[in-house]
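*Asks:* For reference, the structure I am asking about is given below.
The values are calculated or read from the model by the stated rules, or taken from the named source; none is laboratory data. Note that this is a predicted model, so its numbers are computed, not measured. As a convention, Cβ positions derive from the backbone with ideal geometry for all residues, glycine included, and neighbour counts pool all protein chains shown. Surface accessibility is based on the protein's heavy atoms, side chains included, excluding ligands, DNA and RNA. Shrake-Rupley method; radii C 1.70, N 1.55, O 1.52, S 1.80 Å.
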Amino acid sequence: MKGRTVMKLDQDIQEILISQEDLEQRIEEMAAEITRDYAGKAPLLVGILRGSYIFMADLVRHIDLPVSMDFMVVSSYGAGTVSSGLVNIKKDLEEDIEGKDVIIVEDILDTGNTLVKLTAELLKRRPASLKLCVMLDKPDRRTTPIKADYTGFSIPDAYVVGCGLDYDQGYRQLPYVGVLKPEVYE
Ligand code: PRP
């Protein structure tokens with residue numbers, strides 16, 4: 001790992017699942033894909049707080065297009081309300097997305113609940129297009145079918161932190177994705 005500050009937080013990590021270097025490389029590839037796919041367009045990246053902000057900051061700095069950015073804070077009402085498509089919007093977008101090419105940016109796709117509902121909600125606002133870009137995917141955890149258009153890494157069902165992902169609001173600043181030692185949360 002390139003001479004970065006070793007943090008006390010590192011001691012709580014059992015295993016580095018995705019190194020900083022691998023993340024950086026993959027994020028550059030994803031940004032290049034987005035740059036190609038949206039050539040001639042100016043997509044609006046919608047980051048879902050809080051987890052997405054580090055991934056989004058890294059991603060956007062490699063996108064060679066005139067992008068704009070907006071953010072939402074959402075929470076899901078749980079599996080029981082999937083069919084009604086309800087998502088609890090705690091902070092809505094500042095921008096009107098009608099007619100825009102929107103890319104939702106998320107740190108992790110887990111059960112799929114949040115993003116299925118959020119996608120349904122945003123489609124009601126009639127964007128020109130809507131795609132989903134996630135840093136991590138845990139396909140084994142999926143309860144609601146949804147597939148991202150851009151996926152950084154598929155990972156097993158482990159308790160991961162870092163690069164925006166938290167445990168009890170901590171560890172988000174770790175520059176790699178690591179598996180938390182069970183004794184930390186048990
Ligand atoms: C995470 C993640 C997604 C959601 C995915 O957010 O950022 O929004 O969970 O889970 P799902 O696929 O099971 O719906 P979290 O609620 O942990 O909030 P945070 O972004 O503030 O960390």
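*Asks:* Can you tell me which residues in the range 5-25 are charged (D, E, K, R) and open to solvent by 50 Å² or more (accessible area, probe 1.4 Å)?
*Replies:* Hits for the range 5-25 are LYS8, GLU15, GLU21, ASP22, GLU24.
*Asks:* Can you tell me which residue within the range 149-167, out of those that are touching a helix residue (DSSP H, G or I) at 6+ places or on another chain (Cβ under 8 Å) and free of Cβ contacts under 8 Å to residues at least 60 places away in the same chain, is farthest from the ligand (Cβ to nearest atom)?
*Replies:* The qualifying residue farthest from the ligand (Cβ to nearest atom) is PRO156.
*Asks:* Let me ask something additional. Here are the criteria: (1) at pLDDT 95 or above; (2) within 15 Å of the ligand (Cβ to nearest atom); (3) among the aromatic types (Phe, Trp, Tyr). Tell me which single one TYR77 does not satisfy.
*Replies:* (1)
*Asks:* Name every residue in the range 34-45 that is open to solvent by 60 Å² or more (accessible area, probe 1.4 Å) and of a type outside the set (Gly, Ala, Ser), in order of residue number.
*Replies:* Within the range 34-45, ARG36, ASP37, LYS41 qualify.
*Asks:* Let me ask another. Could you tell me how many of the residues in the range 168-186 are among the hydroxyl-bearing types (Ser, Thr, Tyr) and either away from the ligand (no atom under 15 Å from the Cβ) or at negative phi (or both)?
*Replies:* The number of residues fulfilling the criteria is 2.
*Asks:* Which residues, counting only those in the range 17-52, are more than 16 Å from ASP107 (Cα to Cα), within 16 Å of the chain's Cα centre (by Cα) and not in a helix (DSSP H, G or I)?
*Replies:* Once the filter is applied, which keeps residues that are more than 16 Å from ASP107 (Cα to Cα), within 16 Å of the chain's Cα centre (by Cα) and not in a helix (DSSP H, G or I), the range 17-52 yields only LEU44.
*Asks:* Return only the number of the condition from (1) hydroxyl-bearing (Ser, Thr, Tyr); (2) modelled with pLDDT under 95; (3) in contact with a Cys (Cβ under 6 Å, 6 or more places away or on another chain) that THR114 does not satisfy.
*Replies:* In the conditions (1) hydroxyl-bearing (Ser, Thr, Tyr); (2) modelled with pLDDT under 95; (3) in contact with a Cys (Cβ under 6 Å, 6 or more places away or on another chain), THR114 misses (3) alone.
*Asks:* If you go through the range 46-58 one residue at a time, do you hit one that is exposed (fewer than 15 other Cβ atoms within 10 Å of the Cβ) and away from the ligand (no atom under 16 Å from the Cβ)?
*Replies:* no
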